[in-house]
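> Mind looking over this structure? Questions follow.
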Amino acid sequence: MSSTAHLHGGIGDSIKRKEDGRFLRGKGNYIDDITLPGMLHMAILRSPHAHARIKSIDTAAAGAKPGVIAVVTGELMAQHKLAWMPTLSGDTQAVLATDKVRFQGQEVAAVIAETKYQAEDARDAIVVEYDILPAVISPDGAKATGAPLIRDEKEGQKDNHIYHWESGDKGTTQAAFAKAAKVVRLHTFYPRCHPAPMETCGCVADVNPGTGKATIYMTSQAPHAIRTVFALVTGLPEQNIRVVSPDLGGGFGNKVPVYPGYVVATAASLLIGRPVKWIEDRSENLISTGFARDYHMTGDLAVDKDGKMLALRVHLDSDNGAFFSDAQPSKFKAGLFHIVTGSYDIPTAHITADGYYTNKAPGGVAYRCSFRVTEASYLIERLVTNAAIELGIDQAEFRMKNFIQPEQMPYHSATGWVYDSGDYPKAMNVALEQLGYDEMRKDVEARRKKGEVTGIGIASFTEVVGAGHGADFDIIGLRMFDSAELRVHPTGKAMLRMGTKSQGQGHETTFAQIVAEELGIPAMDVAVEEGDTDTAPYGLGTYASRSTPVAGAATAMVSRKLRDKARKIASHLLEAAEEDLEWERGKFYVKGSPDRAKTIQEIAFAAYTNLPEGMEAGLEGVHYYDPPNMTYPFGTYAVMVDVDKGTGQVKVRRMVAVDDCGVRINPMVVEGQIHGGLAEGFAIAFMQLITFDDDGNCIGSNFIDYLLPTAWETPKFETGETVSPSPHHPLGAKGVGESPTVGSPAAYVNAVIDALSPYGITNIDMPVTSDKVWAALRSKGVTE
Amino acid sequence: MFPAAFDYAAPATLAEALSVLKQRGDDAKVMAGGQSLIPLLKLRFAQPALVLDIGRLPGLAGVKRDNGHLTIGALTRHVDLERDTELGKTFSILPEAAHWIADPLVRNRGTMAGSVCHADPSGDWGSVILALNAELVAQSSAGERMIKAADFFKGPFATTLRPDEIVTAIRIAVSSAASGGSYQKLERKVSDFATVAVAVQVEMDGRKVARAGIGLTAVGETNIKAVAAEKVLAGQEPTDEVIAEAARQAAAAAEPKDDIRGTAAYKKDVVRVFVQRGLKAAIGRAQGGKA
Amino acid sequence: MKVTMRINGTERGGDVEPRVLLVDFLRTNLLLTGTHVGCDTSGCGACTVLLDGEPVKSCTMLAVQVEGRDIKTVEGLLQGGALSPIQVGFHEEHGLQCGFCTPGMMMVGSALLERNPDPTDEQIRWAISGNLCRCTGYMNIVKAIKHAAKMNQEAAKAGSHAEAVPAGGGE
């Protein structure tokens, strides 16, 4: 890369990140780093039981402890009509329990004290009497006759069923199944897991008693939407609420919802008149905040005698926990699960979904995925590999035979999606080439002859990211557009603000590069700010890989608006007609006379000093971008594993990941995103599990039980790429941060299933732990 | 999350520490590196009135060889053993086991003796000292006594150490026979407690096993000395059949429970597999294979 | 209890309850907020600092245990106001994303290079296995530490300290 390119930092340049400096010096500004004068500390008392009626709460002893300012209960919250709050899926959720507790870890009371040590000491002194009720811990339990009614406070709620939802065509699907030569079934459970960003959630609520203005510093991926929700919940005028999302120590969907702690801290600050800080500890984070997945899925794939896919039928039961609070577009109760036909040209499909209340934490967040795409991708990719094994066809060949072909793009899927672009066979071929598939297949056969247990898994996923279009996609009615505001200062430096919020994805660099590309201001001269609702334009936030597809597009569009104005100014400065000017990144020049030119910096200065007659001063603008369609990144992942017959341990020998996310703005940043997602996919496939015992006690409530991989377990990744630009995105870019988490779990598990297939083993539910693998092998008589 | 309040003492001499313990031993916790104790204090599973920090006592760190013994001082950290190149193939089990304890950060603070006294049945050192037939040097203001490893563990987190005593060292007899050991551990990730682990130490007499020590981790109320398996080996040539029989005996001695790490049947079978693998590795080392 | 220690080369003290964790003392009493808390069960390494040059978890030490000893935090990594090789390595190799684990990773990395100036990938992965990262998949962290190793080696060859490169011009 030339040094000028480095300075400029347009699209395709792997410039180093602009945000790094503060983090490298230990000067990041995370939520727990914020200290305000007079600030108090809050600790939350949580339910030890999964389901119990509250008989009494005695706060007297706690209130008398040193440093305690207040003890808040549901009763007090109810007096302010804040004991319950709306969820992002149109349900209600208890802020502090008043009647019952409905999951272990539910918020029951809060202590506000001078120091956090005092707050926690006093919390231990609150006495709560419970009548323990039987707990429901699965959809099957929720459906059972005589199951306890979890949401007895909800008018008209007679059972634990939340929703029924369908997509596709039942009739044509049935007809296709009737004609099938072969039907392959997979029943699999995508277990509950948790995003577990390294930083937990928290807030500092500061309600100014003089002005009534509430400033809430909060770990939020969607500060604007949160501000609106807060206005609706509290009745505070929206202009008196300022949500500031500081540096976030990761999010992965965990920091999208509104959590009771935020509401209680804000109410406490309002009532006491001092700032209140609440920082979750890790166990609170894992047991009470947004979980992901927990889908019980049954898929049937109909195939004809030539191995062509005819139809797909899926039923799923969703375990939503005690409150239906999935953070997802409101028209789609099972998120974007109906992308489940994936990368294959399947003529017809039918999907049914039912959601259930259980005595588990609420959530259903898009954990590094686009609203339940992960579950869909996992199901179809597992099903396809199982079908190939059952049909005796190589799993790569079976995929190749059934891929949607590039000439079919834009492709209308059986469940109503319009895929924007893609060359699936090409991505597959690049991946197989990179792995050396034919050689590796021979290697597998040779090792198997020696008694080794080894295999290769493939997944060729299609993601769907970048919600909206706003007419189809909204969250609590807010259409899923996003925004960018660009101000160019007189010296030609710029400030870009967006409605999104980086959690580590490198927005401060990537979005500056879009301005650099479109307006020619070097990326280093563009400051990028997000997260402060008082200054940034309204946006729906960062999750579901939507920042580049939506806010990135908004940034390109606002840059182009300013370029149009710049052309007018240049025309004035150069005394040439607009149509006689040529644009070259960073300057306008007169056609045929390249030395008659004005740089964007000169034009910016003129925008404040020397304007054409009648033109408004300044060089700034805002753009709200409503995407015409989603973007559809895709790829093929191939994994090799070796299984220890004695212990059941699985070792990933190779992991090849070929991603196509359209045009890459900063390839270094994109590559980093892919590495991270592949590691989380590995973690989900083999380690991460939130589970419950029969009484509803959460197992996985700390980092001793909830296993996150270290550098030692995490495989080395071999990455590759193809480029299929999105035809409707102004830059041809697609989202990418979540593709690897969506696509890789099936690839890892398929490799294990391939390894075990000689023994007739067709399924092990995630996480694929050594004891499960050992048990599967033992059941077929295999041992060391 | 942080501990409930406690008193803290960090004496400068052993005599002073022992005198504090004599008075307050019943409601005190002795802390060396604190890597087991502080997590318990933070979770408030332990709420002692006094934490007695022995971290500043002089002369308790390091490994010494004298009078036919290897003496590991109470403040010798896991990392000290992990990096000790003097231990040679005879005691290669010490660095090998140390390597797999917790994570590198914990190993920089935690001590072998502290871990043994914590007596977590999932602790690694318990099995190692059982396999090595080690002794613990227990000091009190009344004097010093030796406790055999096999007599030390009473139950989960319970030992035969008296409240007024401090373990000041772990002592291992150095055999003149060709010796070797191995520590086999199954953990779900770095820093996880063992699902199952097995410590094996053998002393050879030509082609025969003179003595074998086998300790089992995380498969019972305490670390378990697999005595029947050791007897199968003693005086025998370690053929595949003998090794398989010893492994079966060790698995029979294990009393694991079903839990999130796996079923009891799984853990017993891993004991069997690990004893086989461990014996082969240990015998190989004793007979001059690579350490 | 009174406690005194050297932090980043300067004598610092305070009056704390014995139960106060070192990480709380650093963050709350001394406002050194670069050291983070990511869990409560000694399982993430976000709080890693150097104690007499060796990486330890500051959430699993009492402040009073550090009496008279030497602590180095991320705030002490700069060399003459410029980024040190480990910091440059993380910048150049994109070894950080959200930045939350980064201080701990850099402390471990810098201590590793003191002991082992030319570590292999495997040795680096083992050395950082007490520190969790959720963003990077560790690939670029390994590269970052190797980058720093190379800078150190080149500086040693040149017989002087590596010329530090400024990072983060957008600050």
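The values are calculated or read from the model by the stated rules, or taken from the named source; none is laboratory data. It should be emphasised that the depicted structure is a prediction, and the values quoted were computed from it without experimental measurement. Neighbour counts are summed over all protein chains in view; Cβ atoms, including those assigned to glycine, are modelled from backbone coordinates with ideal geometry.
> Between A:140, A:121, which is acidic (Asp, Glu), in contact with an Asp or Glu (Cβ under 9 Å, 6 or more places away or on another chain), outside any loop (DSSP other than H, G, I, E, B) and at pLDDT 95 or above?
The conditions single out A:140.
> Output the residue which, of all residues in region A:15-34 that are of a type in the set (Val, Ile, Thr) and in contact with a strand residue (DSSP E or B) (Cβ under 8 Å, 6 or more places away or on another chain), is farthest from the other protein chains (Cβ to nearest Cβ).
A:31
> Quick check, is residue A:184 in contact (Cβ under 8 Å) with a residue 40 or more places away in the chain, surrounded by fewer than 24 Cβ atoms within 10 Å (Cβ to Cβ), not in a strand (DSSP E or B) and not aromatic (Phe, Trp, Tyr)? Please lay out each step first, then the result.
Numbers: in contact (Cβ under 8 Å) with a residue 40 or more places away in the chain: yes; surrounded by fewer than 24 Cβ atoms within 10 Å (Cβ to Cβ): yes; not in a strand (DSSP E or B): no; not aromatic (Phe, Trp, Tyr): yes.
When the stated conditions are applied, residue A:184 does not pass them.
> Quick one: what pairs do we get from region A:689-700, first residue among the hydroxyl-bearing types (Ser, Thr, Tyr), second part of a strand (DSSP E or B) and surrounded by 21 or more Cβ atoms within 10 Å (Cβ to Cβ), C-beta under 9 Å, 6+ apart or different chains?
That search, which allows pairs on different chains as well, returns A:691/A:698.
> Testing residue B:3 on (1) at the interface with chain C (Cβ under 10 Å from one of its Cβ atoms); (2) surrounded by fewer than 20 Cβ atoms within 10 Å (Cβ to Cβ), one condition comes back false. Which one is that?
(2)
> Within region A:236-277, track down each residue that is within 14 Å of chain C (Cβ to nearest Cβ) and crowded, with 24+ Cβ neighbours inside 10 Å. So that I can check it myself, show each step before the final result.
Filtering region A:236-277 down to residues within 14 Å of chain C (Cβ to nearest Cβ) leaves A:245-255, A:277.
Result: A:245, A:248, A:249, A:250, A:251, A:252, A:253, A:254, A:255, A:277.
> What is the residue count in region A:768-784 for residues that are part of a loop (DSSP other than H, G, I, E, B) and surrounded by fewer than 22 Cβ atoms within 10 Å (Cβ to Cβ)?
First, pick out the residues of region A:768-784 that are part of a loop (DSSP other than H, G, I, E, B): A:768-769, A:780-784.
From what is left, the residues that are surrounded by fewer than 22 Cβ atoms within 10 Å (Cβ to Cβ) are A:780-784.
Number satisfying all stated conditions: 5.
> Moving on to the next point. Across region A:575-585, which residue is nearest to the chain's Cα centre (by Cα) among those that are part of a helix (DSSP H, G or I) and more than 16 Å from residue A:613 (Cβ to Cβ)? Reasoning before the result, please.
Residues of region A:575-585 part of a helix (DSSP H, G or I): A:578-580.
Filter again for more than 16 Å from residue A:613 (Cβ to Cβ), leaving A:579-580.
On the way: A:579: 45, A:580: 47 Å.
Filtering first and then ranking leaves A:579.
Per-residue answers, yes or no, for (1) assigned by TED's automatic domain parsing to the domain that holds residue A:91; (2) under 25 Å from residue A:90 (Cβ atoms):
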position: A:118; (1), (2): yes, no
position: A:124; (1), (2): yes, no
position: A:145; (1), (2): no, no
position: A:157; (1), (2): no, yes
position: A:166; (1), (2): no, yes
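> So, one more: Is it the case, given these coordinates, that residue A:679 is crowded, with 24+ Cβ neighbours inside 10 Å, within 14 Å of chain C (Cβ to nearest Cβ), within 20 Å of residue A:367 (Cα to Cα) and touching a Lys or Arg at 6+ places or on another chain (Cβ under 9 Å)?
Numbers: crowded, with 24+ Cβ neighbours inside 10 Å: yes; within 14 Å of chain C (Cβ to nearest Cβ): yes; within 20 Å of residue A:367 (Cα to Cα): yes; touching a Lys or Arg at 6+ places or on another chain (Cβ under 9 Å): yes.
Yes, satisfied.
> Filter region A:692-720 down to residues that are part of a strand (DSSP E or B) and surrounded by fewer than 18 Cβ atoms within 10 Å (Cβ to Cβ), then give me how many there are.
Step one: of region A:692-720, the residues part of a strand (DSSP E or B) are A:692, A:698-699, A:718-720.
Subset that is surrounded by fewer than 18 Cβ atoms within 10 Å (Cβ to Cβ): A:699, A:718, A:720.
Of the residues in that region, 3 qualify.
> Do we have any residue at all in region A:573-589 that's crowded, with 20+ Cβ neighbours inside 10 Å and out of contact with any Lys or Arg (no Cβ under 7 Å at 6 or more places or on another chain)?
No, region A:573-589 contains no residue that is crowded, with 20+ Cβ neighbours inside 10 Å and out of contact with any Lys or Arg (no Cβ under 7 Å at 6 or more places or on another chain).
> Take region A:459-514 and flag every residue that is in a loop (DSSP other than H, G, I, E, B), within 14 Å of chain C (Cβ to nearest Cβ) and out of contact with any Cys (no Cβ under 7 Å at 6 or more places or on another chain).
The initial filter retains those residues of region A:459-514 that are in a loop (DSSP other than H, G, I, E, B), namely A:463-464, A:466-473, A:476-477, A:480-481, A:489-493, A:499-506.
Okay, now just the ones that are also within 14 Å of chain C (Cβ to nearest Cβ), so A:493, A:501-506.
Hits for region A:459-514 are A:493, A:501, A:502, A:505, A:506.
> Here's a follow-up. Does region B:39-63 hold any residues that are within 15 Å of residue B:3 (Cβ to Cβ) and under 20 Å from the mean Cα position of the chain (by Cα), and which are they?
Here is the first cut: in region B:39-63, the ones within 15 Å of residue B:3 (Cβ to Cβ) are B:39-53.
Scanning region B:39-63 gives B:39, B:40.
> From (1) crowded, with 22+ Cβ neighbours inside 10 Å; (2) over 30 Å from residue B:268 (Cα atoms); (3) small (Gly, Ala, Ser), pick out the condition that doesn't hold for residue A:606.
(1)
> Taking the criterion of being on the phi > 0 side of the Ramachandran plot and of a type outside the set (D, E, K, R), would at least one residue in region A:569-578 satisfy it? Working first, answer last.
Initial filter on region A:569-578 (on the phi > 0 side of the Ramachandran plot): A:575.
Keeping just the survivors that are of a type outside the set (D, E, K, R) gives none.
No: zero hits.
> Restricting the search to region C:25-40, which residues are surrounded by 22 or more Cβ atoms within 10 Å (Cβ to Cβ) and more than 8 Å from chain A (Cβ to nearest Cβ)?
Selection gives C:25, C:26.
> Please go through region A:85-109 and give me each residue that is in a strand (DSSP E or B) and under 25 Å from residue A:695 (Cα atoms), ordered by number.
Step one: list which residues in region A:85-109 are in a strand (DSSP E or B), which gives A:85-86, A:92-94, A:100-101, A:107-109.
Once the filter is applied, which keeps residues that are in a strand (DSSP E or B) and under 25 Å from residue A:695 (Cα atoms), region A:85-109 yields A:92, A:93, A:94, A:100, A:101, A:107, A:108, A:109.
> If you don't mind, there's one more thing I want to ask. Can you tell me which residues in region C:119-134 are under 23 Å from residue A:198 (Cβ atoms) and either more than 8 Å from every other protein chain (Cβ to nearest Cβ) or in a helix (DSSP H, G or I) (or both)?
Pass one, region C:119-134, residues under 23 Å from residue A:198 (Cβ atoms): C:121, C:124-134.
Once the filter is applied, which keeps residues that are under 23 Å from residue A:198 (Cβ atoms) and either more than 8 Å from every other protein chain (Cβ to nearest Cβ) or in a helix (DSSP H, G or I) (or both), region C:119-134 yields C:121, C:124, C:125, C:126, C:127.
> Follow-up. Quick one: which of A:12, A:63 is of a type in the set (Gly, Ala, Ser), away from chain C (no Cβ under 14 Å), surrounded by fewer than 21 Cβ atoms within 10 Å (Cβ to Cβ) and over 29 Å from the mean Cα position of the chain (by Cα)? Talk me through it step by step, then tell me what you get.
Numbers: A:12 fails: over 29 Å from the mean Cα position of the chain (by Cα).
Step by step, each of A:12, A:63 is checked, and only A:63 is of a type in the set (Gly, Ala, Ser), away from chain C (no Cβ under 14 Å), surrounded by fewer than 21 Cβ atoms within 10 Å (Cβ to Cβ) and over 29 Å from the mean Cα position of the chain (by Cα).
> Let me ask something else about it. Working only within region C:53-78, note down all residues that are more than 13 Å from residue C:110 (Cα to Cα), more than 8 Å from every other protein chain (Cβ to nearest Cβ), surrounded by fewer than 22 Cβ atoms within 10 Å (Cβ to Cβ) and out of contact with any Gly (no Cβ under 9 Å at 6 or more places or on another chain).
Scanning region C:53-78 gives C:68, C:69.
> Still on this structure, I have one more. Let me spell it out: the conditions are (1) within 14 Å of another protein chain (Cβ to nearest Cβ); (2) under 30 Å from residue A:744 (Cβ atoms); (3) not in a loop (DSSP other than H, G, I, E, B), and residue A:173 meets all of them except one. Which number is the exception?
That leaves (1) as the condition not met.
> Right, here's the next one. Just to check your reading of the model, which residue among A:692, A:686 is within 14 Å of chain B (Cβ to nearest Cβ) and within 22 Å of the chain's Cα centre (by Cα)? Write out each step before concluding.
Numbers: A:692 fails: within 22 Å of the chain's Cα centre (by Cα).
Only one candidate passes the filter, namely A:686.
> Sticking with this structure for a sec: Please tell me if residue A:745 is more than 13 Å from every other protein chain (Cβ to nearest Cβ) and in a loop (DSSP other than H, G, I, E, B).
No.
> Please go through region A:57-84 and give me each residue that is under 17 Å from residue A:111 (Cα atoms) and in a strand (DSSP E or B), ordered by number.
As a first pass, look at region A:57-84 and keep what is under 17 Å from residue A:111 (Cα atoms): A:57-78, A:82-83.
Passing the criteria: A:57, A:58, A:68, A:69, A:70, A:71, A:72, A:73.
> Regarding residue B:258, is this residue of a type outside the set (Phe, Trp, Tyr), closer than 25 Å to residue A:774 by Cα and modelled with pLDDT of 95 or more? Full working, then the answer.
Working: of a type outside the set (Phe, Trp, Tyr): yes; closer than 25 Å to residue A:774 by Cα: yes; modelled with pLDDT of 95 or more: yes.
Here the answer is yes, as residue B:258 does meet what is asked.
> Taking residue C:1 as meeting all but one of (1) more than 11 Å from chain A (Cβ to nearest Cβ); (2) crowded, with 24+ Cβ neighbours inside 10 Å; (3) touching a Pro at 6+ places or on another chain (Cβ under 6 Å); (4) hydrophobic (A, V, I, L, M, F, W, C), write down the number of the exception.
The number of the failed condition is (2).
> Taking region A:751-784 as the region of interest, how many residues are over 12 Å from residue A:646 (Cβ atoms) and more than 27 Å from the chain's Cα centre (by Cα)? Give the derivation first.
Quick first cut of region A:751-784, residues over 12 Å from residue A:646 (Cβ atoms) only: A:751-769, A:771-772, A:775-776, A:779-781.
Narrowing the set further to residues that are more than 27 Å from the chain's Cα centre (by Cα) leaves A:753-762, A:771-772, A:775-776, A:779-781.
Qualifying residue count for the region: 17.
> So, in region A:351-403, how many residues would count as being of a type in the set (Lys, Arg) and surrounded by fewer than 24 Cβ atoms within 10 Å (Cβ to Cβ)?
Restricting attention to region A:351-403, the residues satisfying the condition of being of a type in the set (Lys, Arg) are A:360, A:368, A:372, A:382, A:399, A:401.
Narrowing further to those that are surrounded by fewer than 24 Cβ atoms within 10 Å (Cβ to Cβ): A:401.
Here the count works out to 1.
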